Amino acid sequence: MKALFLSIILLYSLNANEKISSFTEAKKILRKIYSDHQVTFYAGCKYNYKDKKNMIDRNSCGYKPKDEYTKSGKLNERARRIEWEHVIPAENFGRAFKCWNEGDEQCVKENGKKYKGRKCCSKVEPKFKFMEADLHNLVPAIGELNANRSNYKFGIIPDEKRFYGENIDFEVDSKAKIVEPKESIRGDIARIYFYFEHKYKMPISKQQKKLFEVWNKQDPVDEWEREKNKRVEKIQGDSNIFIK
């Protein structure tokens with residue numbers, strides 16, 4: 001399956017992002033795209049990107065960090081900043097590349113130790129770089145939520161617990177490795193997955209596809225989703241055709 005997926009990427013990715021080749025560049029562009037819509041994706045909190053001490057306006061959304069402090073007793077900086085989250089984790093498409101699984105002759109540290117995974121692919125694999133920097137797949141998220149989401153798949157969690165305040169409808173089951181997002185962005189998530197499936201031929205499991213089809217119907221495209229798609233198309237050169 002990995003080899004097949006990789007060969008498909010090489011054949012079809014010309015139809016997707018071919019203009020933005022680094023995650024660092026993508027983040028700079030996204031700051032401008034979201035300059036008049038500084039609202040986090042999962043929690044719906046307002047943020048001020050210029051306030052480096054505490055970007056998150058907690059009063060705007062009722063956000064209460066799960067961990068205000070780190071285990072060492074320091075302030076949890078990730079609860080005070082936004083990060084650019086890959087809705088589809090880099091691992092989902094990265095594991096199709098050899099550099100992710102085996103590394104590359106160029107992926108060697110100064111001490112001679114070899115490395116692989118995202119760091120290696122970001123260095124040596126052009127196709128991965130374009131996928132990693134695809135603006136359609138990147139959204140602003142509170143750093144703590146981004147960290148807790150990890151690379152877990154989306155789904156429904158029974159008897160959900162609110163870890164980030166009663167108003168933050170974002171649940172994480174670390175044991176089952178599942179994240180349940182709020183209803184108002186479930187369609188957004190589905191359409192991003194559909195976009196990657198269409199543009200990069202990234203496989204989606206039958207179970208996930210079925211769930212996303214339901215979410216796509218239950219949560220129609222909203223005004224900001226449509227506006228972001230237009231802005232991304234102007235810069236990146238391609239549109240998410242599932243946003244109409």
Matching residues, the range 184-219, being closer than 19 Å to residue 133 by Cα, of a type in the set (Lys, Arg) and open to solvent by 10 Å² or more (accessible area, probe 1.4 Å)
199, 201
Single match in 11, 4 (criterion: open to solvent by 50 Å² or more (accessible area, probe 1.4 Å), within 20 Å of residue 117 (Cα to Cα) and either assigned to a helix (DSSP H, G or I) or modelled with pLDDT of 95 or more (or both)):
4
Could you list, in sequence order, all residues of the range 54-79 that are open to solvent by 30 Å² or more (accessible area, probe 1.4 Å), touching a residue at least 12 places away in the same chain (Cβ under 8 Å) and either more than 18 Å from residue 149 (Cα to Cα) or not in a helix (DSSP H, G or I) (or both)?
54, 57, 58, 60, 64, 66, 67
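The values are calculated or read from the model by the stated rules, or taken from the named source; none is laboratory data. Source: prediction; values computed, not measured. Methodologically, a virtual Cβ is constructed for each residue, glycine included, from the backbone with ideal geometry; neighbour enumeration extends over all protein chains shown. SASA here: full protein model, heavy atoms, side chains in, ligands and nucleic acids out. Shrake-Rupley method; radii C 1.70, N 1.55, O 1.52, S 1.80 Å.
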